[in-house]
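See structure below.
The values are calculated or read from the model by the stated rules, or taken from the named source; none is laboratory data. Given the structure is predicted, the values throughout are model-derived calculations rather than measurements. Because the Cβ atoms are built from the backbone with ideal geometry, glycine has one as well, and the counts that use them run over all protein chains shown.
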Amino acid sequence: MSEKTEAPTGRRISEAREEGRVARSIELNAAMALLIGTWLIKASGKQMVVILENLMTSTLITLPEVEPSQTWLQSVLFSSVMPLVPGLVILLVGLLVTGVSVTLAQTGLMWANKRVGFDFSRLNPVPGFKRIFSAQGLVELIKALLKLLIVGWVAYSFLRGHVNEMLSLVQMDLSTGISIWTDLGISLMQRVGLAYIVLALADYGYQRWQHIRSMKMTKEEVKEDMKSSEGDPFIRSRIRGQQRRMARMRMMSNVKKADVVIINPTHLAVAVRYVPEEMNAPKLLAKGAHRTAQRIVELARQHNIPVIQNIPVARALYRAVEIDQEIPSELYAALAEVLAYVYKVHSKPRFETNPEAL
């Protein structure tokens with residue numbers, strides 16, 4: 001790990017997700033389930049306590065007067081337990097939604113294809129013992145002891161403050177005793193849940209740190225990963241160079257189709273074509289600077305294309321228009337003057353219509 005100092009690449013992170021290796025704290029799921037479950041019990045727990053109290057009372061009162069049988073037991077369970085079903089369903093659904101939501105918040109939507117299926121290597125006890133007696137196993141032991149100490153201290157401090165109240169329950173009637181015991185239990189669960197959630201958040205932070213640390217890469221691994229995902233830099237450079245050369249050749253082949261080449265005077269050159277029957281506006285066929293501009297001028301003269309020096313128009317077209325794009329409307333007037341001049345000076349223009357139509 002001393003050599004792995006580089007942050008993981010996107011490809012390494014994606015591969016880890018495909019393998020199901022993400023930062024996730026099981027403690028956070030348990031803590032949130034405890035808090036949400038406590039809140040749901042507190043919301044509907046009073047009604048459930050009343051139902052259970054009525055069940056116990058009616059059973060104790062009627063038991064000496066009836067002959068227990070399967071039919072009597074079924075009727076008692078049906079009449080007494082059915083009212084508990086809505087509260088239990090709400091509790092179970094709430095816990096299910098909480099578990100799914102907390103897991104998605106930690107991992108996001110994920111489908112680990114490589115984790116699907118049975119792994120026979122997990123049956124080997126040797127790796128299990130190695131994990132138990134490894135540094136990671138020691139960390140898990142420390143975390144468990146810390147959780148036991150903190151949660152145990154919170155529970156002990158709460159119960160110690162209510163010892164007299166719990167001892168007095170034996171002197172109360174059943175209804176009052178159950179109500180007080182329920183309130184004490186919910187309060188205890190809330191305090192334990194709050195302490196547990198703090199531990200769970202700390203554990204999630206540790207899991208994220210450990211996950212990123214386990215995926216760190218050496219400089220050589222980063223280079224190899226970049227080569228695998230994007231290709232060798234030398235080859236990519238050769239391909240881009242070849243693409244630029246081919247694009248330049250296509251551009252140069254279009255110069256012979258131009259109606260006029262405008263220069264500045266040797267630094268820039270742009271080739272323009274306008275066929276009213278085919279185009280909505282003049283189009284820039286080629287442009288270049290320095291050597292490319294000189295080559296455009298040479299090709300234009302070889303094909304008897306007028307070469308006009310107009311510094312403002314050449315600069316404007318070179319900066320504002322890309323190859324094979326139409327000339328913007330704000331440059332129509334300046335370009336029309338150039339085309340009109342070419343039409344006037346050259347006895348055989350390459351365009352047939354009056355350029356002033358622009």
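Among the residues of the range 78-98, how many are modelled with pLDDT under 80, surrounded by 15 or more Cβ atoms within 10 Å (Cβ to Cβ) and within 25 Å of residue 29 (Cα to Cα)?
Number satisfying all stated conditions: 1.
Within the range 171-192, does at least one residue satisfy the condition of being touching a helix residue (DSSP H, G or I) at 6+ places or on another chain (Cβ under 6 Å), of a type in the set (S, T, N, Q), at pLDDT 85 or above and in the same structural domain as residue 39 (by TED's automatic domain parsing)?
Checking the range 171-192: at least one residue is touching a helix residue (DSSP H, G or I) at 6+ places or on another chain (Cβ under 6 Å), of a type in the set (S, T, N, Q), at pLDDT 85 or above and in the same structural domain as residue 39 (by TED's automatic domain parsing).
For (1) surrounded by fewer than 20 Cβ atoms within 10 Å (Cβ to Cβ); (2) in contact with a strand residue (DSSP E or B) (Cβ under 9 Å, 6 or more places away or on another chain); (3) not assigned by TED's automatic domain parsing to the domain that holds residue 343, each residue gets a yes or a no:
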| site | (1), (2), (3) |
| --- | --- |
| 246 | yes, no, yes |
| 278 | yes, no, no |
| 283 | no, yes, no |
| 290 | yes, yes, no |
| 309 | yes, yes, no |
| 322 | yes, yes, no |
| 328 | yes, no, no |
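Identify, from the list 205, 185, 193, 241, the residue that is under 46 Å from the mean Cα position of the chain (by Cα) and surrounded by 15 or more Cβ atoms within 10 Å (Cβ to Cβ).
Going through 205, 185, 193, 241 in turn, just one is under 46 Å from the mean Cα position of the chain (by Cα) and surrounded by 15 or more Cβ atoms within 10 Å (Cβ to Cβ): 193.
Please verify whether the range 147-168 includes one or more residues that are among the acidic types (Asp, Glu), in a helix (DSSP H, G or I) and surrounded by 14 or more Cβ atoms within 10 Å (Cβ to Cβ). Talk me through it step by step, then tell me what you get.
From the range 147-168, those among the acidic types (Asp, Glu) are 165; that's our starting set.
Then drop every residue that is not in a helix (DSSP H, G or I), which leaves 165.
The next check asks that each one be surrounded by 14 or more Cβ atoms within 10 Å (Cβ to Cβ); those that pass are none.
Checked against the condition, which is being among the acidic types (Asp, Glu), in a helix (DSSP H, G or I) and surrounded by 14 or more Cβ atoms within 10 Å (Cβ to Cβ), the range 147-168 yields no hits at all.
Scan (1) of a type in the set (S, T, N, Q); (2) loosely packed, with under 13 Cβ neighbours inside 10 Å; (3) touching a residue at least 12 places away in the same chain (Cβ under 8 Å) for the single condition residue 176 breaks and write down its number.
(3) is the only condition that residue 176 fails.
Taking residue 118 as meeting all but one of (1) loosely packed, with under 10 Cβ neighbours inside 10 Å; (2) modelled with pLDDT under 80; (3) in a helix (DSSP H, G or I), write down the number of the exception.
(3)
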